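One structure is given here, and the rest of the page talks about it.
Since every read-out is calculated from the coordinates, none of them should be taken as a lab result. Here the structure is a predicted model, which is why all the values come from computation and not from measurement. Counting neighbours? That spans all protein chains shown, and the Cβs are built from the backbone with ideal geometry, glycine included.
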Amino acid sequence: MPGRSPYDIPDHVQSALTPLSKQLVVNRRGSTVWDVQTPGGRLAVKLGYPTPTHAWTALAPAREATILRQLIAQEVLFGDWQEGTWSAQPWREGEALFDLWEPGRHPTKPATPNLDQALSCAVALADLHAAGWTHGDVQPNHFVIGPAGSFLIDLGLARGGEVPEVYDFRYRGCLVHYEAPEISRSILETGTAVPTQEADVYALGASLFISATGWRHVPYPDDADRKDQRQAIVDRPHRKITVPGALGKLIEHMMSREPADRPTSAEVRQELKNVR
């Protein structure tokens, strides 16, 4: 029904994919995602639609699809539908970083984070950067860790290559819980920002930190609005890094307030290879 979600896969998309089964897996913030089994394999089918505050979410599935076509060999389909755009991409089997590290956040039985899994996340980000792209929305739920390693998903905000103008939109930040101070500052001052690989590294550090501890990188009330969250990130230092050992020291380095002081994703990858 127009204007309401979750949305079912439109008839013309189902005709193109001929699904054998489907399961709703995500329905939030302008995006409905289905896990779809087809004769050709398992797919993630995304439907984008505008929200009262964000029109760009309607374009994100098609924008991501044009990026994936430049990065992976597998077939990626996309097009328009009544409320926005849709895409169908290979399903990535695995579990999100935040969920994998949940047992280690137990208050009475904390566990040392798995360095192999941290390394797999760094490898995924470094590979993307080496290909000339910036992700722009690094967060723990976008690292899917499975038997084949980590996949860095949800590239709808990525920058680095050609994107058709009809599907493009300006970058207005990401999930604030992982936003670097310079990105938050730019959003507050101008309404937009330029995503950078340095900000991706900060976000990976914040992702490792929250996955290991359960704490956001900067404290602010749970009910604070986005503007106040960003102001807190600009005004306050990040929380004390309590992750033990070499990983904690590396996270501290990754979350340096000055972008030039942070290691590159390739350096993060190498450091984790050295200490795991």
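Things worth noting here:
- Only helical runs count toward this figure. For the chain, summing -39,500 (n - 2.57) over DSSP H runs of n ≥ 4 and dividing by all residues gives -10500 deg cm²/dmol at 222 nm.
- Taking amide H as placed 1.01 Å from N in the peptide plane, residue 96 has its amide H under 5 Å from the amide H of 145, each at least 5 places away in sequence or on another chain.
- Here residue 22 is the anchor, and the lysines within straight C-alpha reach of less than 23 Å, apart from those fewer than 8 places off in the same chain, are 46.
- Approximating the spin labels as points 7 Å out from Cα along Cα→Cβ, the residue 226-to-residue 242 distance works out to 3.0 nm.
- Too-long pairs where the Cα-Cα distance tops 22 Å, listed order kept, from 109/240; 240/273; 109/273: 240/273; 109/273
- Taking the number of Cβ atoms within 10 Å of each Cβ as an exposure proxy, the fewest-first ranking of 238, 217, 106, 253 is 106, 253, 238, 217.
- Straight-distance candidates among the aspartates and glutamates for linking to residue 227, with alpha-carbon spacing under 19 Å and chain neighbours fewer than 8 residues away dropped: 137, 179, 182, 189, 235.
- Shape call, the stretch 95-275: gyration tensor on alpha carbons, a/c limit 1.5: oblate
- Whole-number Å³ per residue for the convex hull built on Cα positions in the stretch 11-90: 82
- The angle separating the long axis of helix 181-190 from the principal Cα axis of greatest extent in the chain is about 60 degrees.
- Residue order for 169, 143, fewest other beta carbons within 10 angstrom first, comes to 169, 143.
- Helix 265-275 axis, angle to the chain major axis (alpha carbon atoms, nearest 10°): 60
- Gyration tensor verdict on the stretch 175-276 (Cα atoms; rounded if a/c is under 1.5, prolate if a/b is larger than b/c, oblate otherwise): oblate
- Near residue 138, no amide H atom lies under 5 Å from its own; only residues 5 or more places off or on other chains count, and H is placed 1.01 Å from N.
- Gain in span if fully extended, residue 190 to residue 93, counting 0.36 nm per residue against the direct Cα distance: 31.1 nm
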